Amino acid sequence: MAIERDVSAHPTAEFPSLVSLAPKAGASLSLARDVTLIGSGPSVRLRLRSAAISRCHTAIIFDGAALYLRDLSRRSNTSVNGSLVAEIELHAGDHVTIGPFVFEVQVGPARPISPAGDRAIAAMTDVGAGQTTGIAGRTFLLGRTENCDLRLNSTNVSSAHALIFEINGRHQIRDLNSRTGVRVNGIAVKQSALVARDRIQIGDYELLYGISAIDAETPDANPIRSDDSYAADAPPANPPANPLAPPKASCSRPPASSKTA
């Protein structure tokens, strides 16, 4: 087992950090970025070499005040203070266990962690199947496996393909180093802010992001894309006939019979 971190990370008292407790104590990683990906794959921020760790295993999100964690793996071996979790807010002193690795959340006096602010309310519609799923938590995982909030059953979709998460009450989408990428309004993105009626392409699937019927009729003209300030394409002229529904209890669906590989 080994821990490797991005050499560009420079932990300071200004931002929260993860400090390794086991199997090797002392290593520290700044959580200054809005998304810190942890896993065994080569493109994550904190690389944990172990057979018990998925390529993209866990995400920690920091919006400048609140800090929260999302488990991305179907292995169900991420816990906080001894309890298995899927999504949870983090606080100073919390112990985060990811497979055989244990970390402590540390926060300097210069920037204490605040409670999470206003919640974003939104839903995703599968355009092909005409099915709408509410985004109930602060994160929303899209991928092929059963632990995803919206399961997209296609060989062109990675196990954990993309994550929708909140930053200051608004949603962004992050490609989780997937094989086929993520497109928003036809533009390939690594990470992107989302506004009403954005169309998201993941593998064979086209998804429509919506906040409310009113917002869908008056989307932002020039949303800021977080990585490269991408401008959104014009909203589609003919949105799907089915309106956005309130959040549903179930977030997975069987593959549509009309889909092809």
*For segment 41-111, which fully contained strands (runs of 3 or more DSSP E) count at least 1 residues that are open to solvent by 30 Å² or more (accessible area, probe 1.4 Å) and without any contact (Cβ under 8 Å) to a residue 40 or more places away in the chain?*
87-89, 95-98
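So which of Gly143, Gly203, Gly210, Gly169 ends up being closer than 29 Å to Arg74 by Cα, crowded, with 22+ Cβ neighbours inside 10 Å and at pLDDT below 95?
Working: Gly143 fails: at pLDDT below 95; Gly203 fails: at pLDDT below 95; Gly169 fails: crowded, with 22+ Cβ neighbours inside 10 Å.
Of the residues listed, the single one that is closer than 29 Å to Arg74 by Cα, crowded, with 22+ Cβ neighbours inside 10 Å and at pLDDT below 95 is Gly210.
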_Residues located in segment 162-189, provided they are more than 20 Å from Phe62 (Cα to Cα) and not hydrophobic (A, V, I, L, M, F, W, C)_ = Ser178, Arg179, Thr180, Gly181, Arg183, Asn185, Gly186
*Which one of Arg174, Arg183 is at pLDDT 95 or above and open to solvent by 40 Å² or more (accessible area, probe 1.4 Å)?*
Arg183
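How about segment 146-166: which of its residues are assigned to a strand (DSSP E or B) and open to solvent by 30 Å² or more (accessible area, probe 1.4 Å)?
The one that is assigned to a strand (DSSP E or B) and open to solvent by 30 Å² or more (accessible area, probe 1.4 Å): Arg151.
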*Could you list, in sequence order, the residues of segment 169-197 that are farther than 18 Å from Leu141 by Cβ and assigned to a loop (DSSP other than H, G, I, E, B)?*
Gly169, Asn185, Gly186, Val195, Ala196, Arg197
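The values are calculated or read from the model by the stated rules, or taken from the named source; none is laboratory data. As the structure is a computational prediction, the values presented were derived from the model and not from experiment. Quick reminder, even Gly has a Cβ in these numbers, built from the backbone with ideal geometry, and neighbours come from all protein chains shown. When the accessible area is computed, the model is the full protein with side chains, heavy atoms only, and any ligands, DNA or RNA have been set aside. Shrake-Rupley method; radii C 1.70, N 1.55, O 1.52, S 1.80 Å.
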